[in-house]
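Written out below as C-alpha coordinates is the structure these notes cover.
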Amino acid sequence: MLLQASATMDGYTDQVMERVFEALAPVLPPGEPSPDPAHPYTRFVPRDAATVR
(Lines give C-alpha, C1' and ligand atoms only; values in the text may rest on other atoms or scores of the structure.)
Protein backbone atom coordinates (compact mmCIF):
# COMPACT_ATOMS: atom_id res chain seq x y z
CA MET A 1 0.00 0.00 0.00
CA LEU A 2 1.24 3.46 -0.84
CA LEU A 3 -0.07 6.77 0.42
CA GLN A 4 1.20 9.61 -1.74
CA ALA A 5 0.89 12.88 0.14
CA SER A 6 2.92 15.08 -2.22
CA ALA A 7 3.70 15.18 -5.92
CA THR A 8 7.39 14.44 -5.34
CA MET A 9 9.60 13.11 -2.54
CA ASP A 10 11.17 16.56 -2.22
CA GLY A 11 7.67 17.96 -1.77
CA TYR A 12 7.10 15.82 1.31
CA THR A 13 7.94 18.62 3.72
CA ASP A 14 7.45 18.73 7.47
CA GLN A 15 4.27 20.74 6.87
CA VAL A 16 2.86 18.04 4.57
CA MET A 17 3.86 15.35 7.06
CA GLU A 18 2.02 17.26 9.81
CA ARG A 19 -1.15 17.47 7.68
CA VAL A 20 -1.02 13.74 6.97
CA PHE A 21 -0.56 13.06 10.69
CA GLU A 22 -3.58 15.22 11.57
CA ALA A 23 -5.72 13.52 8.92
CA LEU A 24 -4.78 10.03 10.14
CA ALA A 25 -4.76 10.83 13.87
CA PRO A 26 -8.27 9.41 14.50
CA VAL A 27 -7.12 5.93 13.42
CA LEU A 28 -3.60 5.99 14.90
CA PRO A 29 -2.89 4.31 18.24
CA PRO A 30 -2.55 6.60 21.25
CA GLY A 31 0.87 7.48 22.59
CA GLU A 32 3.87 9.41 21.36
CA PRO A 33 5.99 7.43 18.89
CA SER A 34 9.64 6.77 19.63
CA PRO A 35 12.50 6.76 17.16
CA ASP A 36 13.67 3.31 16.11
CA PRO A 37 17.48 3.02 16.26
CA ALA A 38 17.32 0.41 13.48
CA HIS A 39 15.78 3.03 11.15
CA PRO A 40 17.51 6.32 11.97
CA TYR A 41 16.25 8.15 8.86
CA THR A 42 12.54 7.46 9.40
CA ARG A 43 10.62 10.71 9.72
CA PHE A 44 7.63 10.94 12.02
CA VAL A 45 5.55 13.45 13.97
CA PRO A 46 6.60 13.21 17.63
CA ARG A 47 3.10 13.82 19.03
CA ASP A 48 0.46 11.68 20.66
CA ALA A 49 -2.31 11.15 18.10
CA ALA A 50 -4.84 11.06 20.93
CA THR A 51 -4.28 14.80 21.49
CA VAL A 52 -5.51 15.62 17.97
CA ARG A 53 -8.91 13.97 18.29
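Any idea what the relative contact order of the chain is, in percent, if you count C-alpha pairs under 8 Å spaced at least 6 apart?
Values: 44 pairs, mean separation 18.6, N = 53.
So the answer I get is 35 percent.
Under a Cβ-only charge scheme (Lys and Arg +1, Asp and Glu -1), can you give me the dipole magnitude of the chain about the Cα centre, in debye to the nearest 20? Working shown, then result.
Working: 4 positive and 7 negative charges, 24 e Å.
Dipole size: approximately 120 debye.
How large is Rg/Rh for the chain, to two decimals, with Cα atoms and a Kirkwood Rh? Walk me through the numbers on the way to the answer.
Details: Rg = 11.8 Å, Rh = 12.2 Å.
Using only Cα positions, Rg/Rh for the chain is 0.97.
For the chain, what is the accessible area per residue in Å², given a 1.4 Å probe and the full set of protein chains? Mind dumping the intermediate values first?
On the way: 4440 Å² over 53 residues.
Ligands and nucleic acids excluded, the result is 84 Å² per residue.
Accessible area, 1.4 Å probe, largest first: how do Arg19, Arg43 sort? All intermediate terms of the calculation are to be shown ahead of the outcome.
Working: Arg19 145, Arg43 110 Å².
Descending accessible area places them as Arg19, Arg43.
What does the helix-only formula give at 222 nm for the chain: each DSSP H stretch with n ≥ 4 adding -39500 (n - 2.57), the total divided by the residues, and the result rounded to the nearest 500 deg cm²/dmol?
Numbers: 1 runs with 11 residues, N = 53.
Calculated from helices alone, the mean residue ellipticity at 222 nm is -6500 deg cm²/dmol.
Excluding Ser6 itself, calculate the net charge of residues whose Cβ lies under 14 Å from the Cβ of Ser6, where each Lys or Arg counts +1 and each Asp or Glu counts -1.
Numbers: positive: Arg19, Arg43; negative: Asp10, Asp14, Glu18.
Residues near Ser6 contribute -1 overall.
The values are calculated or read from the model by the stated rules, or taken from the named source; none is laboratory data. Nothing here was measured: the structure is a model prediction, and the numbers come from that model. Cβ sites come from the backbone with ideal geometry, for glycine too, and all protein chains shown count toward neighbours. Each accessible area value is taken on the protein alone, full model and side chains, heavy atoms only, with ligands, DNA and RNA left out. Shrake-Rupley method; radii C 1.70, N 1.55, O 1.52, S 1.80 Å.
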